[in-house]
Structures are given as structure tokens and as C-alpha cells.
Amino acid sequence: MIVFDLRCARHHVFEAWFGSSVAYEEQNAAGLVVCPICGNAEIEKAVMAPNVGAKGNQGPAVPAEALKAAISALAAAQSKALENSTWVGTAFADTARSMHLGEAPVMPIHGQATADEAKALVDEGVPVAPLPLPVVPPETCN
Ligand SMILES: [Zn+2]
């Protein structure tokens, strides 16, 4: 499925789902695509614009299903990336710093850091990166 922003001859802009780009072209050529606001059948693709402000309270432009799929793909990628990584919890900043300074054996770790701690690490040149998704600390899994 593919979603298009469409616009009728009276400048109403609306979203419509089609099986494919070709399906849209065929249905539009056959006059099957009509404006839900005024019924006008002179439809063309609207220029895509960032979803900022103008659409008001219509909700997110990304369908919930697509968002869910994207998040679970991200979650899968993240847990794979963390497979060989050790959870160090709130000791993350200290551990990362020790490894960076050669005071501790270097290994993949992940854990919690405050915004200030994370900023300090970055300032010190310690290679850290935020995870895209929150991680449930292992000790709370039980
Ligand atoms: Zn219209």
C-alpha cells in the first residue's frame, strides 16, 4: 500500500491509499478518485510538504502500523547490537571513562547515564552513543 497526498481542482488536500502508484494512476484516469470534501474528480498529486502545523489535529502522518513495524525492526536491530554487550547500569559513565583511559579492559557495554554524564563523556572524547530505544535493565526483568 502507498499513501498519496492528493488535491482536487478546488484545492482540497487529502490523503488516499492505493495498492501501488500504477493503481492510483489507473483509478484516477478512470475518474474513480474523488475529493472526499467536495466530490470533485479532477485529482492530482499534491506537492508533498513537511507535516508541520498546517494539518492541525489530524494526528501523525505516519500510519500506526508502519510506525509499529519500524519500531519493532529498530528494537530487533538494537537487541542484536547489544547481544554481546554487557549491561553496566548506572556505572556506565565511570566504566566507559575507565575503558577510554585504559584503566579497564575494553568491551562492549551499555547502561544508563544522565544527560550531564553523557555530555561529559562526549566532551572527553569517549566514544558513546545514545541507544535509539530505552533498554529495560536486566535486574528488573525478573
Ligand atoms: Zn475538493
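Coordinate range of the alpha-carbon atoms in the chain per principal axis, descending: 71, 28, 26 Å. In sequence order, region 18-27 has phi-based couplings of 9, x, 6, 4, 5, 4, 4, 4, 5, 5 Hz under the Karplus curve 6.51 cos²θ - 1.76 cosθ + 1.60, θ = phi - 60°, and Gly or Pro positions carry x. Taking amide H atoms as placed 1.01 Å from N in the peptide plane, the amide H of residue 104 lies under 5 Å from those of 99, each 5 or more residues away in sequence or on another chain. Here the ratio of the Cα radius of gyration of region 1-47 to 2.2 N^0.38 Å is 1.00.
With the convex hull constructed from alpha-carbon coordinates only, region 71-127 shows a mean projected area of 4.3 nm² over all directions.
In the chain, helical runs assigned H by DSSP with n ≥ 4 each contribute -39500 (n - 2.57); averaged across all residues and rounded to the nearest 500, the mean residue ellipticity at 222 nm is -9500 deg cm²/dmol. Give the cross-link partners of residue 80 among the aspartates and glutamates, using a straight C-alpha distance below 14 Å as the criterion and excluding same-chain residues fewer than 8 apart. Within reach: none. Ignoring aspartates and glutamates fewer than eight residues from residue 45 along the same chain, the ones with Cα atoms less than 12 angstrom from its Cα are 5, 15, 25. Relative contact order of the chain: 16 percent, from C-alpha pairs under 8 Å at least 6 residues apart in sequence.
We did not get these values from a lab; they are worked out from the coordinates using the rules stated. Every value quoted in this text rests on a predicted model; they were computed, and no experiment measured them.
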